[in-house]
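Remarks on the structure that follows.
Here, each number is a calculation from the coordinates, and none is a lab measurement. Bear in mind that the values here come from a model prediction, so they are computed numbers and not experimental data. Counting neighbours? That spans all protein chains shown, and the Cβs are built from the backbone with ideal geometry, glycine included.
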Amino acid sequence: MTISQNTIQLPQDGRPDPDIALLKLGTPRTRLPLPEDIHLIIEVSNSILARDRETKLALYARDNIIEYWILNLEQMQLEVYRDPDGTRYATSFTVKDAAPTACLAFPNDPIIWSVTNPSFAKT
C-alpha cells in the first residue's frame, strides 16, 4: 500500500487532485495512478464540502473508484461512500465521534481519524 497526495488519472474525467489516495502496492511511479490502482480516495473538506459531495463524488463514482471518504471538518464526521453505481455510490454512511473505520481493502486494519481542533473546522 502506498499513500499519495498527487494527481490521479481518471479516464473519463481528467486529473483531479485528491487530498489522499491509498494506492495498491506495486502501482508504477512512472505514470499517474489510474482507478484500478486505487483502494481509497479521501478528501478533507470544510469550505468545499458541496463540491466534494456532488462534483467529485460523481467523478469518482463514474470512474469506478471503489471507495471514497470525505472527512467533513464542518460537522466533525467521516462520510463513507462505497460501491460505485453510475454517478453515485450505492452504499453510504456517516461515522461520528472519530470511531476507527476500515476501508474495504483492509477490513481488519481500521484507520484512526479525528478532528482535533473544532475552531479550525469553522474557518
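Considering each residue of region 22-33, count those that are under 13 Å from ASN6 (Cβ atoms), hydrophobic (A, V, I, L, M, F, W, C) and part of a loop (DSSP other than H, G, I, E, B), and give that number.
1
Give me the pairs: first residue in region 62-83 and more than 26 Å from LYS24 (Cβ to Cβ), second residue among the basic types (Lys, Arg) and surrounded by fewer than 20 Cβ atoms within 10 Å (Cβ to Cβ), beta-carbon distance under 6 Å, and six or more apart or on different chains, which are they?
Correct list of pairs: GLN77/LYS96.
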